[in-house]
Every structure is written in C-alpha cells, then in structure tokens.
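Engineer: I have a structure I would like to understand better, so I am pasting it below and will then ask my questions one at a time.
Derivation of every value follows stated rules applied to the coordinates shown; laboratory data play no part. Predicted, not measured: the structure shown is a model, and the values here were computed from it. Cβ sites come from the backbone with ideal geometry, for glycine too, and all protein chains shown count toward neighbours.
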Amino acid sequence: MMKTFWIRFWKETEGQDLVEYALIVAAIALAMVAAVRGVVTALNSLYESIAAGLAFTSS
C-alpha cells in the first residue's frame with residue numbers, strides 16, 4: 001500500500017506547471033524589486049545633486 005503510494009507520488013506531475021510558474025513569477029518579482037531599488041538610488045542621487053546646485057546658486 002505505501003509502496004504504491006510513493007510510486008504514484010513520484011510519477012504524479014499534476015501541479016508541476018503551477019509550481020514552475022510560481023517560481024518564474026517569484027524570480028521576475030525579485031528582479032523588479034532590484035531594478036526599482038536601483039532606479040530609486042539613482043533618482044535620489046540626482047535629486048541630491050540638484051538640491052545642492054540650487055542651494056549653491058541661492059547663497
């Protein structure tokens with residue numbers, strides 16, 4: 001009984017696609033988070049340089 005259960009368990013592929021799609025979505029989400037963090041860092045640096053330039057010209 002247990003042997004047939006394990007044999008069927010290892011041969012079963014239902015849901016395999018769902019797991020693969022979930023892993024792909026997770027990888028894409030991580031890549032998007034990394035990209036957004038990079039853009040935020042670049043924009044913050046740009047904003048700080050603009051603010052420093054404006055402060056320099058106003059004084």
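Engineer: Using R₀ = 30 Å, calculate the FRET efficiency as 1/(1 + (r/R₀)^6) where r is the Cβ-Cβ separation of residue 16 and residue 39; round to 0.05.
Structural biologist: The computed FRET efficiency comes out at 0.30.
Engineer: Separate question: Show me, for segment 20-35, the HN-Hα J-couplings you get by feeding each phi into the Karplus relation (A = 6.51, B = -1.76, C = 1.60, θ = phi - 60°), rounded to Hz, glycine and proline as x.
Structural biologist: The phi angles translate into 5, 5, 5, 5, 5, 4, 5, 5, 5, 4, 5, 5, 5, 4, 5, 5 Hz.
Engineer: If each residue of separation counts as 0.36 nm, what is the full-extension length gain between residue 49 and residue 31 once their alpha-carbon separation is subtracted?
Structural biologist: Contour length minus Cα-Cα distance gives 3.7 nm.
Engineer: For the chain, what is the convex hull volume of the alpha-carbon atoms per residue, in Å³?
Structural biologist: 73 Å³
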